[in-house]
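*Asks:* This is the structure I have questions about; it appears just below.
The values are calculated or read from the model by the stated rules, or taken from the named source; none is laboratory data. Predicted model only: the values in this text are computed from it and were never measured. Cβ placement follows ideal geometry from the backbone for every residue including glycine, while neighbour counts extend to all protein chains displayed.
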Amino acid sequence: MSSRSENITRLDLYNELDEIVSAMKNLAQVELHRILRAQPLQHAALATCRSALTASAPQTGLHAPAILLAIGSQRGFCGGFNEQIARLLPAAPARVLLVGSRLAARVTQGMPGTEVFNGPATADEILPCAQQLAEAIGSGVLPPINLLAHAENGPQLVPLWPPLISSAKPAPRTYLPAATLQRGLAQHYLLHAIGHALLLSLQAENRQRLQQMDAARDHLSQLSQQLLRHMNVLRQQQIVDEIEVILAGQDGAYN
């Protein structure tokens, strides 16, 4: 294969990669729009659960070992998304729930006994993932739970349970026994709190993925431009060589 043919093949490859990256970027944009539309509903559900907890005094296993819920990504091409979470992991937490195969691949070797769960790749997978995590935590009195995940201001480690609520108002009269009501409210709140964290994490993931796709397209554009310039230089040199051959032939004919 000639050098020109190799360059043309490489240029076609760059163009094909650019189309693939563009398609991935479009998918990330669509998913980000869906997440932004779902945020108000998820925030309202979480606020409702918090209001209900305000009127109740939920029981918390304060003396039980704390659980760490760390949320990473299920898919790649999102920059240092998982590395940022891995760097913030505490040294030796009692129980760790890792969400996302990409995060698990980076930290499970140094954390034996860690429970790994598949993370949501789309907004449709957030609720099933949140339900699976809530079931893994348990349905009894909840121990303290810390959350390590990306949010609007970057990755952070914050308490997930118990929530910061005000109990200034007197408890309302209910038909259910207080303990039964408290456990039910705690489970509802936990489910929506995990769903809210997964939604914010997926939003940050797709934003970083968009940045990666833009950087990849810029890099491919630079490579294509460099290759085109190189091909033009080679073509110009070929033209000069052909002219020299023609001129040399004419000189020989005249001699």
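Residues are listed down the side, and each one gets a yes or a no for (1) modelled with pLDDT under 85; (2) surrounded by 13 or more Cβ atoms within 10 Å (Cβ to Cβ); (3) within 30 Å of Pro163 (Cα to Cα):
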{"site": "Met1", "(1), (2), (3)": "yes, no, no"}
{"site": "Asn7", "(1), (2), (3)": "no, yes, no"}
{"site": "Asp12", "(1), (2), (3)": "no, no, no"}
{"site": "Leu32", "(1), (2), (3)": "no, yes, yes"}
{"site": "Gln74", "(1), (2), (3)": "no, yes, yes"}
{"site": "Gly79", "(1), (2), (3)": "no, yes, no"}
{"site": "Leu98", "(1), (2), (3)": "no, yes, yes"}
{"site": "Leu103", "(1), (2), (3)": "no, yes, yes"}
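*Asks:* Of the residues Thr174, Thr122, only one is modelled with pLDDT of 90 or more, surrounded by fewer than 20 Cβ atoms within 10 Å (Cβ to Cβ) and not small (Gly, Ala, Ser); which? Please lay out each step first, then the result.
*Replies:* Details: Thr174 fails: modelled with pLDDT of 90 or more.
The match here is Thr122.
*Asks:* While we're looking at this one, here's another question. Condition (residue is closer than 18 Å to Arg207 by Cβ, of a type in the set (A, V, I, L, M), crowded, with 18+ Cβ neighbours inside 10 Å and modelled with pLDDT under 95) applied to region 86-93: is it met by at least one residue? Write out each step before concluding.
*Replies:* Initial filter on region 86-93 (closer than 18 Å to Arg207 by Cβ): none.
Looking for residues that are closer than 18 Å to Arg207 by Cβ, of a type in the set (A, V, I, L, M), crowded, with 18+ Cβ neighbours inside 10 Å and modelled with pLDDT under 95, one finds none in region 86-93, hence no.
*Asks:* Any residue in region 155-170 that is under 14 Å from Arg50 (Cα atoms) sitting within a Cβ distance under 8 Å of a residue that is modelled with pLDDT under 80 and in a strand (DSSP E or B)? List the pairs, counting only those 6 or more apart or interchain.
*Replies:* Partner pairs satisfying both residue conditions: Trp161/Thr60; Pro162/Thr60.
*Asks:* I'm trying to understand the selection: among the residues of region 135-160, which are over 17 Å from Leu89 (Cα atoms) and at pLDDT 90 or above?
*Replies:* Step one: filter region 135-160 for residues over 17 Å from Leu89 (Cα atoms), giving 135-143, 152-153.
Answer for region 135-160, where residues must be over 17 Å from Leu89 (Cα atoms) and at pLDDT 90 or above: Glu135, Ala136, Ile137.
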